[in-house]
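The values are calculated or read from the model by the stated rules, or taken from the named source; none is laboratory data. Remember, it's a predicted structure, so these values are computed and weren't measured experimentally. Here Cβ is always computed from backbone atoms with ideal geometry, including for glycine, and neighbour counts include all displayed protein chains. Ligands, DNA and RNA are excluded from the accessible area calculation, which covers all protein heavy atoms including side chains. Shrake-Rupley method; radii C 1.70, N 1.55, O 1.52, S 1.80 Å.
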Amino acid sequence: VEMDVTDPALERVFAESRPELVNHHAPQVNLRRSMEEPLYDTEVNYFGTLTVLECCRRHPVRQVLFASSGGAIYGDGVIVPTPEGALARPMSVYGTNKLCGEGLIRAYAEELGFTATFLRYANVYGPRQNPHGEAGVIAIFLDKLRSGGTPTINGTGEKVRDYVFVGDLVAVNRFLTEKGLGGTYNVGTGVGTSVNDLARDLLAALGMTVEIPHGPDKPGEQAVSVLDASRIREAMGGRAFTPLAEGLARTIRA
């Protein structure tokens, strides 16, 4: 079923399918859009989550997994790599609504008794990521470079991010679903890479030499975002997440 997460008719889907598990990966994901259109971001990320939870009230479930954001919830001035217990100080409407979404789910879980699982993702990339509109920087850069265009680096390019391969997210979701584990889990590599270094790595992997221009900085983005994901890695038996070089190679091959 393809449906807007804010559509009240979502309850019909719950009534017909009677799910035991709700895995909520239906957000507005563009941080910059959240600053330009805060009401739209709030409609999708806050009220959309509330719509899902009201369906859970009328049609009880055993577990709700929520795709949150480690990249936007913590803000600047925290321990790096940042653990789950760090003070959340989001710098954008997107990050604020994600944090509020977690709060809504905790409140409903307390009332209704389902298991609440929060996945705070770093910057996700991988094969088949849409390079248009709401995509991540790797998909945008690859699409531009492979089509003969030139991407633009926002600001100085010294913002540091933790890039996590989509396959690792899949493994984490499957593990937490099969084990029925609740709680909050960062999902990242714990390794930071500046946008300038990322651009150089992509050019080297593609065997290209291109001068990438810099444009104006964007509001609402913190300087450094790197996650301590030791909690989920230990729960999964010491699993190592995909290094950036390997993930980029797999993404380019795809």
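The residue that is surrounded by the most Cβ atoms within 10 Å (Cβ to Cβ), counting only those in segment 204-235 that are of a type in the set (Gly, Ala, Ser) and in contact with a helix residue (DSSP H, G or I) (Cβ under 6 Å, 6 or more places away or on another chain), is Ser225. In the condition set (1) under 26 Å from Asp168 (Cβ atoms); (2) not in a helix (DSSP H, G or I), Glu2 is compliant with all but (1). The residue that is nearest to Thr184 (Cα to Cα), among those in segment 90-119 that are among the hydroxyl-bearing types (Ser, Thr, Tyr) and assigned to a strand (DSSP E or B), is Thr117. Taken over segment 153-167, residues that are open to solvent by less than 20 Å² (accessible area, probe 1.4 Å) and either farther than 22 Å from Gly77 by Cα or aromatic (Phe, Trp, Tyr) (or both) amount to 3. For segment 130-161, the tally of residues that are of a type in the set (A, V, I, L, M, F, W, C), under 21 Å from the mean Cα position of the chain (by Cα) and over 20 Å from Ser69 (Cβ atoms) stands at 3.
This table checks each residue for (1) open to solvent by less than 60 Å² (accessible area, probe 1.4 Å); (2) modelled with pLDDT of 95 or more; (3) closer than 22 Å to Val64 by Cα.
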{"site": "Leu169", "(1), (2), (3)": "yes, yes, yes"}
{"site": "Thr184", "(1), (2), (3)": "yes, yes, yes"}
{"site": "Asp197", "(1), (2), (3)": "no, yes, no"}
{"site": "Leu202", "(1), (2), (3)": "yes, no, no"}
{"site": "Gly237", "(1), (2), (3)": "no, yes, no"}
{"site": "Leu244", "(1), (2), (3)": "yes, yes, no"}
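Here Ser68 passes the criteria (1) touching a helix residue (DSSP H, G or I) at 6+ places or on another chain (Cβ under 6 Å); (2) surrounded by fewer than 22 Cβ atoms within 10 Å (Cβ to Cβ) except the one numbered (2). What are the residues in segment 95-138 that are open to solvent by less than 60 Å² (accessible area, probe 1.4 Å), in contact with a Lys or Arg (Cβ under 9 Å, 6 or more places away or on another chain) and of a type in the set (A, V, I, L, M, F, W, C), if any? Phe114, Ala116, Phe118, Ala122, Val137, listed by residue number. Taking the listed residues Ala240, Ala245, Ala199, the one that is of a type outside the set (D, E, K, R) and either more than 21 Å from the chain's Cα centre (by Cα) or in a loop (DSSP other than H, G, I, E, B) (or both) is Ala240, with no other qualifying. When Thr150 is tested against (1) over 30 Å from Gly85 (Cα atoms); (2) touching a residue at least 24 places away in the same chain (Cβ under 8 Å); (3) surrounded by 14 or more Cβ atoms within 10 Å (Cβ to Cβ), only condition (3) is not met. Every test in (1) of a type in the set (Asp, Glu); (2) assigned to a loop (DSSP other than H, G, I, E, B); (3) crowded, with 17+ Cβ neighbours inside 10 Å is passed by Asp76 save one, and that test is (3). Of all the numbered requirements in (1) part of a helix (DSSP H, G or I); (2) open to solvent by less than 40 Å² (accessible area, probe 1.4 Å); (3) not hydroxyl-bearing (Ser, Thr, Tyr), Arg12 misses one, and that requirement is (2).
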